[in-house]
1. Going through segment A:23-60 one residue at a time, which ones are more than 13 Å from A:F102 (Cα to Cα) and of a type in the set (S, T, Y)?
2. Look at A:V48 and say whether it is part of a strand (DSSP E or B), in contact (Cβ under 8 Å) with a residue 40 or more places away in the chain and touching a helix residue (DSSP H, G or I) at 6+ places or on another chain (Cβ under 6 Å).
3. Could you tell me which residue of segment A:1-22 is modelled with the highest pLDDT, considering only residues that are within 17 Å of A:V96 (Cα to Cα) and loosely packed, with under 13 Cβ neighbours inside 10 Å?
4. Pairs needed: first member in segment B:40-52, within 7 Å of chain A (Cβ to nearest Cβ); second member anywhere, of a type in the set (S, T, N, Q); C-beta distance under 7 Å; at least 6 residues apart or different chains.
5. Could you check how many residues of segment A:63-112 are in contact (Cβ under 8 Å) with a residue 40 or more places away in the chain, aliphatic (A, V, I, L, M) and in contact with a Lys or Arg (Cβ under 8 Å, 6 or more places away or on another chain)?
6. Suppose we filter B:L76, B:L90 for residues that are more than 22 Å from A:K38 (Cα to Cα) and either modelled with pLDDT of 95 or more or more than 12 Å from the chain's Cα centre (by Cα) (or both); which single one remains?
7. Please list, ordered by residue number, the strands (runs of 3 or more DSSP E) wholly in segment A:54-108 having 3 or more residues that are closer than 24 Å to B:L45 by Cβ, within 14 Å of chain B (Cβ to nearest Cβ) and of a type outside the set (F, W, Y).
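The values are calculated or read from the model by the stated rules, or taken from the named source; none is laboratory data. Everything numeric here is computed off the predicted structure, so don't read it as measured data. Neighbour counts are summed over all protein chains in view; Cβ atoms, including those assigned to glycine, are modelled from backbone coordinates with ideal geometry.
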Amino acid sequence: AQTVTQSQPEMSVQEAETVTLSCTYDTSESDYYLFWYKQPPSRQMILVIRQEAYKQQNATENRFSVNFQKAAKSFSLKISDSQLGDAAMYFCAYQVWTPLVFGKGTRLSVIA
Amino acid sequence: DGGITQSPKYLFRKEGQNVTLSCEQNLNHDAMYWYRQDPGQGLRLIYYSQIVNDFQKGDIAEGYSVSREKKESFPLTVTSAQKNPTAFYLCASTPEGAGQNIQYFGAGTRLSVL
């Protein structure tokens, strides 16, 4: 079974600084999708970024970018110029033909 | 506005009682999902449905039941067999086509046991 591991239960970052959240996954598939979702205190799940495994180029969405290392099965999220509104739970997720498999999440705090 | 509506926002269950959580979407999405969220556990899949009148068990289906009589609706019943129902429940849906794998979520229902 596919598994997703987020090894950092909690992280903190100073406002305007950069932080990287880690995610590793286990799969025998060659084509799949990877996601980062954000869950702020409102608990609404929001898609941050999406990566297709067959694409070599790392996905970027404004201040959010990923470092996708397919051979290492690693999918880290970098948040640049951190803002107070970035404080949330961040979930890494994996998908092939089945529903999403989520990691346990990383709680990010942003310090003013 | 299109979206996924979960109701109620808060729900309380007495011992031995069945309760039903509502999930409605007007996005014309084919697939719908139910997840349970516990502290430190991430999201775990309860049930999902890819088409009307069909659904599959997820990783933690015991003590839960679902129906999919309409494309727009995917209610979840928490039965008395679920001995630890206190959790946050999230409903999601997925469109067909290019964005197929992106799940859109409702705002959730918090279930507590009295």
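1. Matches in segment A:23-60: A:T27, A:S28, A:S30, A:Y32, A:S42, A:Y54, A:T60.
2. no
3. Ranking the candidates gives A:T3 first.
4. Once the first residue is within 7 Å of chain A (Cβ to nearest Cβ) and sits in segment B:40-52, its partners that are of a type in the set (S, T, N, Q) give B:L43/B:Q37; B:Y48/B:Q56.
5. Here the count works out to 3.
6. Exactly one of B:L76, B:L90 is more than 22 Å from A:K38 (Cα to Cα) and either modelled with pLDDT of 95 or more or more than 12 Å from the chain's Cα centre (by Cα) (or both), namely B:L76.
7. Filter on segment A:54-108 gives A:88-95.
A quick yes/no check of all residues on (1) closer than 20 Å to A:Q44 by Cα; (2) surrounded by fewer than 22 Cβ atoms within 10 Å (Cβ to Cβ); (3) in contact with a Cys (Cβ under 6 Å, 6 or more places away or on another chain):
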residue	(1), (2), (3)
B:G16	no, yes, no
B:V78	no, no, no
B:A92	yes, no, no
B:N101	yes, yes, no
